[in-house]
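Data first, discussion second: the structure below is written as structure tokens.
The numbers here are math on the coordinates, done by the rules we state, and not lab data. For clarity, every value in this text was computed on a predicted model and none was experimentally measured. Note: ideal-geometry Cβ built from the backbone for every residue, glycine included; neighbour counts use all protein chains shown.
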Amino acid sequence: AQSVTQPDIHITVSEGASLELRCNYSYGATPYLFWYVQSPGQGLQLLLKYFSGDTLVQGIKGFEAEFKRSQSSFNLRKPSVHWSDAAEYFCAVVTGSARQLTFGSGTQLTVLP
Amino acid sequence: SQTIHQWPATLVQPVGSPLSLECTVEGTSNPNLYWYRQAAGRGLQLLFYSVGIGQISSEVPQNLSASRPQDRQFILSSKKLLLSDSGFYLCAWSRGQTMNTEAFFGQGTRLTVV
């Protein structure tokens, strides 16, 4: 069965530090991968997506992610974190013909001043 | 541009009462529609999806049901709520007949069953 693993439940970084959130997927075919961000009590906002082509994808708010097929990973990165980046981050993969998503359990990001 | 509306934003309901959450999408046609649930401290779980009017697929057997009476309307219902139905419910849509598409999410409904 398809699955997405986000091994880090909670990450704390200082403002201005770099960030990497890990995501590993299990999917037999070429995956369609996403990172979403959720502020408390809000819906999900798409940060970036990978469908095919260049394995390094750029997203909004200065985020990027790299697809590595050999490692079944799609890690999210940001060179310098801002306090407003504090939120919960979800990795997801399309797992059906109706483009339904399977999500990881999420990583809660805390940013220290 | 496309928008998705989901209401109510918050809801407190007693155990055994009925439930109806509504979601509508504007600015597109023939969307795929989805209901996800996010329980406290957990990720998002797909409950139902629909690729067309009257077509509902259930991912997890439970106390809930879904209906799609119109192309851009998706309703989540229950006849009798359980305590375990508490959670954050998110409606989403994606472009039908399009492989390279992301899902767009509503603002969610916080349901507390007491």
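Screening A:Val37, A:Val57 for residues that are more than 9 Å from chain B (Cβ to nearest Cβ), assigned to a strand (DSSP E or B) and within 16 Å of A:Thr102 (Cα to Cα) leaves exactly one candidate, A:Val37. Selection of the range A:17-34 for residues being assigned to a strand (DSSP E or B) and away from every other protein chain (no Cβ under 12 Å) yields A:Leu19, A:Glu20, A:Leu21, A:Asn24, A:Tyr25, A:Ser26. Counting the residues of the range A:96-113 that are of a type in the set (A, V, I, L, M, F, W, C) and either closer than 16 Å to B:Trp93 by Cα or at the interface with chain B (Cβ under 8 Å from one of its Cβ atoms) (or both) gives 3. Checking B:Thr28, B:Thr24 one by one, the residue that is touching a residue at least 12 places away in the same chain (Cβ under 8 Å), part of a loop (DSSP other than H, G, I, E, B), surrounded by fewer than 21 Cβ atoms within 10 Å (Cβ to Cβ) and β-branched (Val, Ile, Thr) is B:Thr28 and no other. The sole residue among B:Val25, B:Val113, B:Val60, B:Val15 that is of a type in the set (Val, Ile, Thr) and closer than 24 Å to A:Cys91 by Cβ is B:Val60. Within the set A:Val93, A:Val13, the sole residue that is assigned to a strand (DSSP E or B) and either facing another protein chain (nearest Cβ under 10 Å) or under 26 Å from B:Glu59 (Cβ atoms) (or both) turns out to be A:Val93.
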